[in-house]
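What follows is a short report on a single structure.
The values are calculated or read from the model by the stated rules, or taken from the named source; none is laboratory data. Because the structure is a prediction, the values reported are computed rather than measured. As a convention, Cβ positions derive from the backbone with ideal geometry for all residues, glycine included, and neighbour counts pool all protein chains shown.
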């Protein structure tokens, strides 16, 4: 954790530039929020969270102009009354296989208006930028010519996830974007190996055991279609994996912005991690094209709040990864070394039927966040407009079944 460092060095500096946010009266049901780019975040080789300020290439331009405008909407979310109680409930479930009654604090907070196409488009652009540096040609313009003061996370030996932090000028709302798997963007990048390990642990039925030719990412397969439940759950709580690092990242962000309402967004693996953190901390989430993370949440023993309607998944039907159809030894995912076998999502889903309405073929190449931005969100969606809406209706994913062939239990080696 970096809390001592922040309290002694970084946080006093922040206070010089960013005004302290004091909660005002209840926000309106719908309102516009303006965001500017503040920091990049990354993980060091020692699994420590690191934040770097983002500056402008023109130092004479002193004013800070908001770059993104999103529509917000009041939503209900549930947060544990204390972090300690949440951790204790997880430990009791993991080590004693017992459930503990956890009391939740119901809050009404401004969250992203997921019924607004423009708001989804802006979040998707923030998400896409998590893959890129501000001076790259793939960067979506933020009206400010930003530069990274210390580009940690982008060096050749970088390992782990990264992204950016956006905030409103008064620090009332902060958006954390998380990079997904680098293999899905041009050139891959140095984090591809670690990304794949996390993908195959979080979204496979049993340690990426696709068939007998595969080298598994954990030693939990017990022959045939048997998987040791305790073993596979323990494999997901290793400190080097992304979920524990994500909780560290979120806690550091709340230390930097103690009074802010935090939103999470990400694409693919980044979207799933955003959702898992949203369950943990009760933060609003918009995830794009992410594999089903419900199975991972259960294996991590995340206590479930009374409602998960603050989590929204956005994906389309031509992408086999969120649809859970990129499976089997001959699938394009398996050929690339990915065992993405999950299909069930938490919260609610906004699903664009690009197969029926745009005649797209099902292909993993449609998984790119750029395809979502340029070909889906940048133009009005006719089927939704016929219903008087801007986007398809967000609905829970009912009757979802995954990994039905597998038997889970306590099996000896």
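Is there a residue in region 204-211 that is in a loop (DSSP other than H, G, I, E, B), within 20 Å of residue 286 (Cβ to Cβ), in contact with a helix residue (DSSP H, G or I) (Cβ under 9 Å, 6 or more places away or on another chain) and at pLDDT below 90? For region 204-211, residues in a loop (DSSP other than H, G, I, E, B), within 20 Å of residue 286 (Cβ to Cβ), in contact with a helix residue (DSSP H, G or I) (Cβ under 9 Å, 6 or more places away or on another chain) and at pLDDT below 90: absent.
Only one residue in 350, 262 is in contact with a helix residue (DSSP H, G or I) (Cβ under 7 Å, 6 or more places away or on another chain), surrounded by fewer than 24 Cβ atoms within 10 Å (Cβ to Cβ) and in a strand (DSSP E or B). Which one? I'd like the intermediate steps shown before the answer.
Values: 350 fails: in contact with a helix residue (DSSP H, G or I) (Cβ under 7 Å, 6 or more places away or on another chain).
Being in contact with a helix residue (DSSP H, G or I) (Cβ under 7 Å, 6 or more places away or on another chain), surrounded by fewer than 24 Cβ atoms within 10 Å (Cβ to Cβ) and in a strand (DSSP E or B) holds for just one of 350, 262, which is 262.
Return yes when residue 329 is surrounded by fewer than 18 Cβ atoms within 10 Å (Cβ to Cβ), part of a helix (DSSP H, G or I) and at negative phi and no when it is not.
Numbers: surrounded by fewer than 18 Cβ atoms within 10 Å (Cβ to Cβ): yes; part of a helix (DSSP H, G or I): no; at negative phi: yes.
It is false that residue 329 is surrounded by fewer than 18 Cβ atoms within 10 Å (Cβ to Cβ), part of a helix (DSSP H, G or I) and at negative phi.
Checking each residue in region 24-42 for being touching a strand residue (DSSP E or B) at 6+ places or on another chain (Cβ under 6 Å) and modelled with pLDDT of 65 or more picks out 30, 31, 32, 33, 34, 35, 37, 38, 39, 40, 41, 42. Look at (1) within 17 Å of residue 41 (Cα to Cα); (2) at pLDDT 60 or above; (3) surrounded by fewer than 22 Cβ atoms within 10 Å (Cβ to Cβ) and you find that residue 164 fails only one, number (3). Take residue 178 and tell me if it is at pLDDT 75 or above, more than 30 Å from residue 391 (Cα to Cα) and touching a helix residue (DSSP H, G or I) at 6+ places or on another chain (Cβ under 8 Å). The answer is no for residue 178.
Given the options 372, 355, name the one that is within 19 Å of the chain's Cα centre (by Cα) and modelled with pLDDT of 95 or more.
On the way: 355 fails: within 19 Å of the chain's Cα centre (by Cα).
None of the others qualify; the one that does is 372.
In this structure, does residue 270 turn out to be touching a strand residue (DSSP E or B) at 6+ places or on another chain (Cβ under 6 Å), crowded, with 24+ Cβ neighbours inside 10 Å and within 17 Å of residue 302 (Cβ to Cβ)? In short, no. Look at (1) farther than 29 Å from residue 76 by Cα; (2) surrounded by fewer than 19 Cβ atoms within 10 Å (Cβ to Cβ) and you find that residue 384 fails only one, number (1). Checking the structure you have, find out if any residue of region 277-295 is touching a strand residue (DSSP E or B) at 6+ places or on another chain (Cβ under 6 Å), closer than 13 Å to residue 203 by Cα, at pLDDT 95 or above and not in a loop (DSSP other than H, G, I, E, B). Scanning region 277-295 turns up no residue that is touching a strand residue (DSSP E or B) at 6+ places or on another chain (Cβ under 6 Å), closer than 13 Å to residue 203 by Cα, at pLDDT 95 or above and not in a loop (DSSP other than H, G, I, E, B).
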